[in-house]
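J.: One structure is given below, represented as structure tokens, and several questions about it will come after.
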Amino acid sequence: MAEFKQSTKLHNVLYDIRGPVLEQAQKMESEGHRILKLNIGNPAPFGFEAPDAILVDMIRHLPHAQGYSDSRGIFSARTAVVQYYQTRGIHTIHVDDVYLGNGVSELITLSLMALLDTGDEVLVPTPDYPLWTASVSLAGGRPVHYLCDEENEWWPDLEDLAAKITPRTKGLVIINPNNPTGAVYPPHIIAGMVDLARKHGLIVFSDEIYEKILYDGTEFTNTAAITGDDVLCMTFSGLSKAYRICGYRSGWLAISGPKAAAADYLEGINLLANMRMCANVPGQHAIQTALGGHQSIEDLILPGGRLREQRDLAYRMLNEIPGVSVNQAKGALYLFPRLDPEIYPIKSDEKFALDLLQQQKILISHGTAFNWIRPDHFRLVTLPSVLDLEEAVGRIGEFLSTYKP
């Protein structure tokens, strides 16, 4: 029989946060083991539910959501996105500059496919959300990782970033608030990155899906508020995290800056949007209701709120484990602890994650899955309840007390 192999386009495409470690966890679950899952930012399994108003509004629109919509998305939802950015001081985004997608993930891939030729480079942070690196590779480009500095709040190292720009560089990815580190970038860091994009004629891709999940009074700055009229900015956000509806696949891309100079590129985005017909229409009807009125996420991130309490507990307990240190997250749903190599000389952090899974029934994501440069970190999701996190981090400490890599 003929042998069928995957496309060579996939040879440099990795998404290890859903790779071998998760597959082993699923196998163990099928055998009856209970796995404590600290590996993925999906609020629903941890008891976080969407606001009732969003559910009711989407249900009421179901009879009118059976056909295709405009390939960009329904007008009312795109208008709501425009009005949201106006409240953020951004007035250069218009209705036809907004594309709705099946989550931000689809729009990331679509925007890069429309831009990159073989060998074009895109600057991506390390650590990163690995879909960015994978999507650059899938589009035929070359991801070039710039360093985020753990000793400086996990902020991007602007000197390292500048040193990695070449004549083939087309774009610069900013993930803020950051997954996996929980860092939130201050205005001067964003301005420094935008200045480099302006100087070298780069497109800025700003992933802001966690923009409403902020702690300790931390303020968030939209990149598009800084890029202005002379730097093309592609802003990605959506409802998955702040509104706890990952399964609705409801995200958007908002384009600002010198759109006339990017007309050919934007025509390519429009072509790809037309080819997929449209995003999930019922999910689009959630956007207008979500962006208006009471923002229920605020009740979860303030002192006493569940997300805040869980983050604080995990941060405290991790730092109490000998040889483990972690920066406090200012945003998002994750911590990115470091394992001291002098105490834990780990050569394969994937094996570390598998050992932890097999011995303690705890599922985490290893740091190199986020394109981190050394096998000395892992990502922990802070969505489980305080009781579950207390148990899980306690068991991680117990595991590390006897762990011999």
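The values are calculated or read from the model by the stated rules, or taken from the named source; none is laboratory data. The shown structure was predicted, so the numbers you read here are calculated from the model rather than taken from an experiment. No Cβ is skipped: glycine too gets one built from the backbone with ideal geometry, and neighbour counts run over all protein chains shown. The area values use the complete protein model at the heavy-atom level, side chains included, leaving out ligands, DNA and RNA. Shrake-Rupley method; radii C 1.70, N 1.55, O 1.52, S 1.80 Å.
Condition check ((1) open to solvent by 10 Å² or more (accessible area, probe 1.4 Å); (2) outside any helix (DSSP H, G or I); (3) over 14 Å from L123 (Cα atoms); (4) at pLDDT 95 or above) across all residues:
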position: L161; (1), (2), (3), (4): no, no, no, yes
position: T166; (1), (2), (3), (4): yes, yes, no, yes
position: Y185; (1), (2), (3), (4): no, yes, yes, yes
position: G192; (1), (2), (3), (4): yes, no, yes, yes
position: D195; (1), (2), (3), (4): yes, no, yes, yes
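J.: Checking the structure you have, find out if any residue of region 62-80 is among the acidic types (D, E) and part of a helix (DSSP H, G or I). Give the steps one after another, and end with the answer.
T.: Going through region 62-80, the residues among the acidic types (D, E) turn out to be 70.
Subset that is part of a helix (DSSP H, G or I): none.
No, the conditions are met nowhere in region 62-80.
J.: Determine if region 219-236 includes at least one residue that is modelled with pLDDT under 95 and not in a loop (DSSP other than H, G, I, E, B).
T.: No: region 219-236 contains no residue that is modelled with pLDDT under 95 and not in a loop (DSSP other than H, G, I, E, B).
J.: Pick out the one residue from Q24, Q86 that is open to solvent by 20 Å² or more (accessible area, probe 1.4 Å) and closer than 24 Å to L333 by Cβ. Explain how you work it out, then say what you get.
T.: Values: Q86 fails: closer than 24 Å to L333 by Cβ.
Exactly one residue qualifies, and that residue is Q24.
J.: Name every residue in region 348-396 that is open to solvent by 10 Å² or more (accessible area, probe 1.4 Å) and hydrophobic (A, V, I, L, M, F, W, C), in order of residue number.
T.: L354, W372, I373, V386, L387
J.: Can you name the number of the only condition in (1) closer than 20 Å to Y84 by Cα; (2) assigned to a loop (DSSP other than H, G, I, E, B); (3) at pLDDT 95 or above that P322 fails?
T.: (1)
J.: Might you check whether a residue that is in a helix (DSSP H, G or I), among the acidic types (D, E) and closer than 27 Å to M275 by Cα occurs anywhere in region 102-125? Spell out how you get there, then give the answer.
T.: Within region 102-125, the subset in a helix (DSSP H, G or I) is 103-113.
Right, trim to among the acidic types (D, E) and you get 106.
Checking the rest, the ones that are also closer than 27 Å to M275 by Cα come to 106.
Yes - at least one qualifying residue is present in region 102-125.
J.: Still on this model: Inside region 144-172, can you point out the residues that are under 23 Å from D264 (Cα atoms) and in contact (Cβ under 8 Å) with a residue 24 or more places away in the chain? Break it down stepwise before answering.
T.: First pass over region 144-172, keeping only residues under 23 Å from D264 (Cα atoms): 166-172.
T166, R168, T169, K170, G171, L172 - these are the residues of region 144-172 that are under 23 Å from D264 (Cα atoms) and in contact (Cβ under 8 Å) with a residue 24 or more places away in the chain.
J.: Return yes when E151 is closer than 19 Å to G367 by Cα and more than 18 Å from the chain's Cα centre (by Cα) and no when it is not. First the steps, then the outcome.
T.: On the way: closer than 19 Å to G367 by Cα: yes; more than 18 Å from the chain's Cα centre (by Cα): yes.
For E151, the condition - closer than 19 Å to G367 by Cα and more than 18 Å from the chain's Cα centre (by Cα) - is met.
Okay, residues lined up against (1) at pLDDT 95 or above; (2) open to solvent by less than 60 Å² (accessible area, probe 1.4 Å); (3) of a type outside the set (S, T, Y); (4) farther than 16 Å from V95 by Cβ:
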residue	(1), (2), (3), (4)
D264	yes, no, yes, yes
L271	yes, no, yes, yes
R276	no, yes, yes, yes
Q284	no, yes, yes, no
G292	no, yes, yes, yes
I297	no, yes, yes, yes
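J.: Quick check on L100: is it within 20 Å of K170 (Cα to Cα) and of a type outside the set (V, I, T)?
T.: Taking the combined requirement at face value, the residue does not satisfy it.
J.: In region 69-128, what residues are under 30 Å from L158 (Cα atoms), over 21 Å from the mean Cα position of the chain (by Cα) and of a type in the set (D, E, K, R)?
T.: Correct list: D97, D117, D120.
J.: In addition: Would you point out which residue out of S76, S30 is surrounded by fewer than 16 Cβ atoms within 10 Å (Cβ to Cβ), hydroxyl-bearing (S, T, Y) and over 23 Å from L110 (Cα atoms)? Can you show your working first?
T.: Working: S76 fails: over 23 Å from L110 (Cα atoms).
Unique residue meeting the criteria: S30.
J.: Residue check: is I54 open to solvent by less than 30 Å² (accessible area, probe 1.4 Å), part of a loop (DSSP other than H, G, I, E, B), out of contact with any Cys (no Cβ under 7 Å at 6 or more places or on another chain) and not acidic (D, E)?
T.: Numbers: open to solvent by less than 30 Å² (accessible area, probe 1.4 Å): yes; part of a loop (DSSP other than H, G, I, E, B): no; out of contact with any Cys (no Cβ under 7 Å at 6 or more places or on another chain): yes; not acidic (D, E): yes.
No: the conditions fail for I54.
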